[in-house]
Amino acid sequence: MEYNFKEIEKKWQQYWAKNKTFVAVNPSPPEKAGVRPKFYVLDMFPYPSGAGLHVGHPLGYIASDIYARYKRLKGFNVLHPMGFDAFGLPAEQYAIQTGQHPAITTEQNISRYREQLDNLGLSFDWDREVRTSDPAYYKWTQWIFLKLFNSWYNEETGKTEPLNTLEEKFKSQKLKVKSETANKNWSDLNEKERSDVLMDYRLAYLSEAYVNWCPALGTVLANDEVKDGVSERGGYPVEKKKMKQWSMRITAFADRLLNDLEGIDWSESIKEQQRNWIGKSVGVELKFRLIPSPSPMKKGTNSVSAHEKYKYETAEKSFWPLLKLYSKENRKNLTDAEKIIWEAVRDSKLGYKIRRQHPINIFIADFVCLDKRLVIEIDGDIHDHQKEYDEERTLLLNGEGFSIIRFTNNEAINHTEEVIQKIRNELSAGASPFPSETGLGDEACIDIFTTRPDTIFGVSYMTLAPEHELVDKITTDSQRAAVQNYILETKNRSDRERMAEVKRISGVFTGAYAIHPFTGKQIPVWVGDYVLAGYGTGAVMAVPAHDSRDYAFATHFNLPKPQVIQPKTEWDFSTSSYDEKEGTCINSDFLNGLHVKDAIKKAIDEIEKRGLGTRQINYRLRDAVFGRQRYWGEPIPIYYENGIPKAVDEKDLPVILPEVDKYLPTEDGEPPLARANNWKYRPHPQTPSKEEGSSFPLETTTMPGWAGSSWYYLRYMDAHNEKEFVSKDAVQYWQDVDLYIGGSEHATGHLLYVRFWTKALYDLGLIPVIEPAKKLINQGMIQGRSNFVYRIKDTNKFVSKNLKANYDTNTSNVDVNIVEDDVLDLDKFRQWREENANAEFILEDGKYICGAEVEKMSKSKWNVVNPDDMIEKYGADCLRLYEMFLGPLELSKPWNTNGISGTSNFIRKLWRLYHQKHVGNKQLAVGNEQPIRSEDINQAPLHFSKFHVSDEAPSKKELKSLHKLIKKVTDDIERFSFNTSVSNFMICVNELTDLKCDKRAILDTLAILVSPYAPHVAEELWNLLGHSESVTYAGWPEFKEEFLAEDSFAYPISINGKTKLNLEISLALNKDEIEKEVMSSEEVKKFFHGQLPKKVIVVPGRIVNIVV
RNA sequence: GCGGGCGUGGCGAAAUUGGCAGACGCACUAGACUUAGGAUCUAGCGCCUCACGGCAUGUGGGUUCGAGUCCCUCCGCCCGCACCA
C-alpha cells in the first residue's frame, strides 16, 4: 500500500467527527475528585468574509491545535472551541448592493470557513460553536449590555456596582447631584431628571458627544476603528460630529486596565500598545487668572457681597498671607517720601479714605483709594531702570480695575503741594470701574493641565484649542475678526488634514492676557490648533524652551523662549527645545537648583498649598462609542418612554433583529432599524409605572462588532445554557483562557474591550476572574509573495526577468498559482486571461522566469495562496508542518510555496520508516509490490512495500535518538517553538532511517510525538501499529535521561578561543584528569609552537580552551 | 518625534544558561539508479585560498580564557502611537 494522504486524511477527519474525539467535558459537580485538570486553548474567532481563508489564517489555528493536542496527550481536559464573529459590515455592504439578507451571506461564508477549517484537521470541539449573530447568543450580549446599563463605577470602592448603591448615595445626600440640577435634592427630581442624572454614571450610557462619523458607511466608529483619519474597514474618510450616542464607560477602568497588565503573560509589544492607548499621565491641573480686558465683554451681575469683596479683598488669595506680612513690615519702614505723602493724605484729609501699603493682586500698592480705585505710587530709584517692571505692574493693576498715578521720590519730597493737588484732581475725576462690572470676574481663569510644573517659570504664553469655550469670551474687539476667521478655518479642515499637516504651524492671538500665578507677569493668550480640545482641559501653558511643540509655535510667532532647565550637557536652544526630564532648574525662584524630578514634586506641592491647582491624572483613553447606525448587529435592548431611555425587561430578551425592506438609513436619516414595522416595545405589565397596553419606540442603533467578541470566551464554557450567559459551575471550573492565539491587530480594540467587560462582570460577581487570558501569543502575519511578468510595450510578447533590461516593458502581477519556483507555466498563462491567449515569450534557458516581491496577501495582487489548493496538492499534514516550519510563530514572514517539498518529503520518509525498507528501485521487496509509476506528482510513487515493524528490543542508538526527540519536542512545544520541533522530527526520522529502525517500541512512541503536528498520518500509523483507539489520548511519552547518557565526549579543544580539533575523552574524568589527558596529547602539543600554555580552562562535558 | 521588536549563507532559519556559528529544510552542483525524472539514493554546498591557512553573525569599540548571545557607539529594517501638554 502507498501513502495516500487524500484518503487517509478524509478517513480520520470523519472518524474524529463521528467519535466526538475532541469534546471537552464539563465535570459535574466541578469540584468532583479525580477530574482531569482543565486547559483552555482559544483562537480568536474569525469574521467569515466572502474571500475564505488564505494560508495566513491557519497559522495561529495550527499552532493552537498543536498545543491543544499536546495538552490532551499530557492528560488535560482541553477546551478548544471555535465559532464565528458573524455580525459585521462587509455582509451588510453586500446586502445593500444585492438586497440579499446578510444572514444568508453570513451563513454561506460560515459553511465555507467550516469546510476549510475541517480540511486542516483541527481538533475543535464543534459542539460548543458560537455565532455572535445567533439570537440564542446575542440574547446574552444584550443581557450583559443591560447589566452595564444598570451599573456604575464607584470610585470609592474601585468597583462596578449596581445602580441602586448610587441611588442610595443620592437619597442619603452623601453624593450631590451633578451639574444643572445642582441645587436640588434627589427627592425633588422628577423621573426625567433622575434619568438624566443617572445617565452620567451608567457604564453603558447615552450622551451628546463628538464622535467619529463616517459618512460613507453611514455610521459612527470607535477610536480603534479609525486609523489615520479613515475607517479601518473600507478606508473611508471620518469626520468629527456632535451626536447623541451610546457609549461604554471604559475610562472608569483605565487604571485597572493599565495595572493588571503586569499580571498577564502577553507580549511586551501588545502591553505597550495598550499602555500607550490608555495613555496615563500624571501632572497637575492649574489655574491661570485672566486679566480682564479693558473693553467690557460681559456685564457682570454681581451680588452685593461680590462687590464688597472686590472692593476690599484685592489681594491674590494665595499670596495673601505673604503679602499681609510684607505690608505690615513695609508700614513700619516707610521711606521719607512715603512718610511725607502719608501725612498729607491720611485720615481722609482729601475727603476720601486712603490706605497705605495695601496688597492688590500680587503687589503691594504704596497708597490706594479703594472707593475711587486709584493707586498712588512713589517710585524709588529702582524704577528708573526697571521700566518693564512698572509697565507690567500698571497692566496688572489696570486689569484689577485700578488707575494709577506715579510720582518720583524727588517730586514727593520737594514738590509735595503739586503732588497732593494732582492726587486731589484724580480723586475728583471719578472712579475707575470695578472689574466685576467690566470683565469676567471670579471665574475668569484658564485651566490647564501639565506634566511639567517644574517649568512653570518658563511659561511665555498660553494656547487654547480653537474649540475652547473661553476663546470667544476673552477675545478682544481688535482681535475678534482674526480669531473668528481662524476658528472657521480650522473647523473646515478635517482631522485628517490637520494630521497630514503636522508640520504646519498656525494660530492667532486673542488679545487677552493671563496672570502668571507665581511671577504675576502678564502672559498673552493664543489660540492654536496644535492644542487638542479633547485632551486635558483643551488649554496649555506654553514653555517654548522645554517643549518642542511650544518651541515651534513660539519660533513661528516670534514669542520669547525663556530657559528654566539647565541641561546636563551642552544644548543649543537656538535650534530646538530641551524636552528631557533631566537637568536642574534655573530662573525659577523657589525651584532653583532642584533636579527636574524633585522640582516637579515641589512645584505640585507649592501649587496645591497655594490653592492654585490640584494633582491630576489624565488618560488618553476615551469612552468607547457603542451605537452603530447599521443593520447587521445586535439591537440595543432599550426603549424610550416619554423620551426616557429604559431597559427592556430581561424576560423579553432577546430583542430580535427585525426584518427591513432595505438595509439603508430612512429618508429622515434614521438608522435602518427605523424601517422595521412596529419597532416598538410593550413593557411588562407588572413592571412599575407603565401604562398598561401602551408600547414605546425601541432604540434603532445596533451594537458594534466588538460587542459579541467581548465575552465569547465565556460562552464556550457553557455554550447551550438557556438560563444564564454561563453557569457558575462552568466558569468556576474553566476560569479563564490559558492560551489565547490571534493577531496583534486587535491590540487596542478587542483585546482591550474583552478585558474591560471581564473586569465589569467580575465586579458584579458574575465571573471569578479579572483577566480573560493568562497567556497571549500573536502569530505573525504571512505576507504574500507576488510574481510579475514583463510585457514588451505595445506587443503581446513577454520577456523573462533577466532579459527585460533590453526592452521597454510594462510590469504586471501574475497569479502566483500558475507560477512554480518563479517559473511561469506558459500554457496556464495563456488560459489565465483571454488577452494572453496569443502571448509569445522570450525565454531564458527555455524558461520564463518571473519577478518576485513580498507584499501583503491580497486578491488584487494575485498573490493569494489558498490552503485548499495546498491541501489538495500536498495534504493537510504537510501544510500544517510547513506552516510551522516557516519560522518562529510570532514572526511575520512571506509565504513561499517553494519550500513545501521539504515537509512533504519528511512525511513520506516517516511513512516509509514503518514499512519494509529498500533503497531505490533495486531492492524491491519480494512479492507483488512494484513501484507505482505515475505521471502525476500528486500521486507520487513511494518506494515502500507493506507495513512492517519488529518486536525486537530497540538498540541503544535508537533509544537515544528517540529520547533526544522526546526531550526536544517537549521543550519546543512548551516554549511555542514549533519550527524547531519540525526540524527535530526530521533529524530523528533521518537517524532512525539510517539505523534501519523497525522496532515497535520506538515507532509507537514516534507516532505519538508526531501526532500533534501531523495528526492524520500519526493516527493511520498508530492504527496500523494495532491500536484501536485514537492516538489523541495515548499519553505523552516520558523522557528518560539514561538513554542519552554517554561514556565519553568529543571535547572541542580550542587554542586561544579557536577550535582546532576534537578529542574523545571519558565523561567520568574530573577537571584535572581531563587537563592531564589533553596536555599529554601529541596532536594538541603541535599547536603550542614550542611555548608552554599560560592557562587551561576545562569545562567538563563542554569544552577545553588553552591559552598560549 | 516617542515606544516595541529585529539585523546570522543565494533563501526560510537554528544555536534554550556566554562554550565547536550556520542544525533542519529550500535552492544549487556532481554522481548513482533509470526509457524517463519534478521520484529515490550518495556526496558537496558561508567567504577568500591550489593548499597550509585566514576571514566571517549590520558598524565600531568594551568585558571575558571564550561573545551571535552581556555592555556602550553608530547604521539599517519592521511594527505600533503620533501635536496627548
Which residues, counting only those in region A:760-779, are under 17 Å from residue A:255 (Cα atoms), open to solvent by 20 Å² or more (accessible area, probe 1.4 Å) and over 21 Å from the mean Cα position of the chain (by Cα)? A:762
Hey, residue A:262 in contact with a Lys or Arg (Cβ under 6 Å, 6 or more places away or on another chain) and either among the acidic types (Asp, Glu) or in a loop (DSSP other than H, G, I, E, B) (or both) or not: no
Given A:324, A:339, A:353, which one is at pLDDT 80 or above, open to solvent by 60 Å² or more (accessible area, probe 1.4 Å) and assigned to a helix (DSSP H, G or I)? A:339
So, restricting to helices (runs of 4 or more DSSP H) that lie completely within region A:971-1045, which ones have at least 2 residues that are within 13 Å of RNA strand B (Cβ to nearest atom)? A:978-994
Of (1) away from RNA strand B (no atom under 16 Å from the Cβ); (2) in contact (Cβ under 8 Å) with a residue 60 or more places away in the chain; (3) surrounded by 17 or more Cβ atoms within 10 Å (Cβ to Cβ); (4) of a type in the set (D, E, K, R), residue A:202 fails just (2)
Test result for residue A:789, among the aliphatic types (A, V, I, L, M), in a strand (DSSP E or B), open to solvent by less than 10 Å² (accessible area, probe 1.4 Å) and in contact with a Phe, Trp or Tyr (Cβ under 8 Å, 6 or more places away or on another chain): yes
From the list A:543, A:564, A:596, which residue is farther than 30 Å from residue A:506 by Cα and within 14 Å of RNA strand B (Cβ to nearest atom)? A:596
Selected residue (criterion: farthest from residue A:876 (Cα to Cα)) from residues of region A:48-72 that are in a helix (DSSP H, G or I) and open to solvent by 10 Å² or more (accessible area, probe 1.4 Å): A:71
Could you please let me know if residue A:76 is under 28 Å from residue A:9 (Cα atoms) and more than 30 Å from the chain's Cα centre (by Cα)? yes
Could you say which residue among A:881, A:889 is within 14 Å of RNA strand B (Cβ to nearest atom), at pLDDT 85 or above, in a loop (DSSP other than H, G, I, E, B) and under 30 Å from residue A:976 (Cβ atoms)? A:889
Could you list, in sequence order, the residues of region A:367-394 that are at pLDDT 65 or above, over 57 Å from the mean Cα position of the chain (by Cα) and either closer than 15 Å to residue A:407 by Cα or not hydrophobic (A, V, I, L, M, F, W, C) (or both)? A:367, A:368, A:371, A:372, A:373, A:374, A:375, A:376, A:377, A:378, A:379, A:380
Of all residues making up region A:130-178, the number that are assigned to a strand (DSSP E or B) and among the β-branched types (Val, Ile, Thr): 1
Taking only pairs six or more apart or across chains, which ones have beta-carbon atoms under 9 Å, a first residue in region A:521-543 that is assigned to a strand (DSSP E or B), and a second residue that is within 7 Å of RNA strand B (Cβ to nearest atom) and acidic (Asp, Glu)? A:540/A:547
When you check residue A:1097 against the structure, is it open to solvent by 30 Å² or more (accessible area, probe 1.4 Å), in a strand (DSSP E or B) and within 11 Å of RNA strand B (Cβ to nearest atom), yes or no? yes
Quick one: is residue A:853 within 16 Å of RNA strand B (Cβ to nearest atom), open to solvent by 50 Å² or more (accessible area, probe 1.4 Å) and touching a residue at least 60 places away in the same chain (Cβ under 8 Å)? yes
Every residue from region A:1038-1052 that is modelled with pLDDT of 85 or more and not acidic (Asp, Glu): A:1039, A:1040, A:1043, A:1044
Starting from region A:256-281, take each residue that is among the aliphatic types (A, V, I, L, M) and list its partners that are open to solvent by 70 Å² or more (accessible area, probe 1.4 Å), counting only C-beta distances under 8 angstrom and pairs at least six apart or across chains. A:258/A:280; A:264/A:774; A:278/A:620
Limited to region A:464-483, what total is found for residues that are surrounded by 13 or more Cβ atoms within 10 Å (Cβ to Cβ) and more than 22 Å from residue A:534 (Cβ to Cβ)? 4
Consider region A:1030-1055. How many of its residues are out of contact with any helix residue (DSSP H, G or I) (no Cβ under 7 Å at 6 or more places or on another chain) and surrounded by 12 or more Cβ atoms within 10 Å (Cβ to Cβ)? 5
State yes or no: is residue A:716 closer than 18 Å to residue A:264 by Cα, among the hydroxyl-bearing types (Ser, Thr, Tyr) and not in a loop (DSSP other than H, G, I, E, B)? no
Kindly establish whether residue A:1025 is crowded, with 19+ Cβ neighbours inside 10 Å and either in contact with an Asp or Glu (Cβ under 8 Å, 6 or more places away or on another chain) or free of Cβ contacts under 8 Å to residues at least 40 places away in the same chain (or both). no
Quick check: anything in region A:80-91 open to solvent by 10 Å² or more (accessible area, probe 1.4 Å) and part of a helix (DSSP H, G or I)? yes
Among the residues of region A:92-105, are any open to solvent by less than 10 Å² (accessible area, probe 1.4 Å), hydrophobic (A, V, I, L, M, F, W, C) and modelled with pLDDT of 95 or more? no
Quick check: anything in region A:521-529 modelled with pLDDT of 90 or more and open to solvent by 10 Å² or more (accessible area, probe 1.4 Å)? yes
Does region A:591-601 hold any residues that are surrounded by fewer than 17 Cβ atoms within 10 Å (Cβ to Cβ) and either within 29 Å of residue A:251 (Cα to Cα) or touching a residue at least 60 places away in the same chain (Cβ under 8 Å) (or both), and which are they? A:597, A:601
Here are some conditions: (1) under 24 Å from residue A:957 (Cβ atoms); (2) open to solvent by less than 40 Å² (accessible area, probe 1.4 Å); (3) hydrophobic (A, V, I, L, M, F, W, C). Residue A:1069 meets all but one. Which one does it not meet? (2)
Flag if residue A:533 is in contact with a Pro (Cβ under 9 Å, 6 or more places away or on another chain), within 27 Å of residue A:393 (Cα to Cα) and within 15 Å of RNA strand B (Cβ to nearest atom): no
I'm checking my understanding of the structure. Among residues of region A:492-518 that are modelled with pLDDT of 85 or more and hydroxyl-bearing (Ser, Thr, Tyr), which one is farthest from RNA strand B (Cβ to nearest atom)? A:513
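The values are calculated or read from the model by the stated rules, or taken from the named source; none is laboratory data. Quantities reported herein were computed from a predicted structural model and do not represent experimental measurements. Cβ atoms come from the backbone with ideal geometry, glycine included; neighbour counts cover every protein chain shown. These area figures cover heavy atoms from the full protein model, side chains too; ligands, DNA and RNA do not enter into them. Shrake-Rupley method; radii C 1.70, N 1.55, O 1.52, S 1.80 Å.
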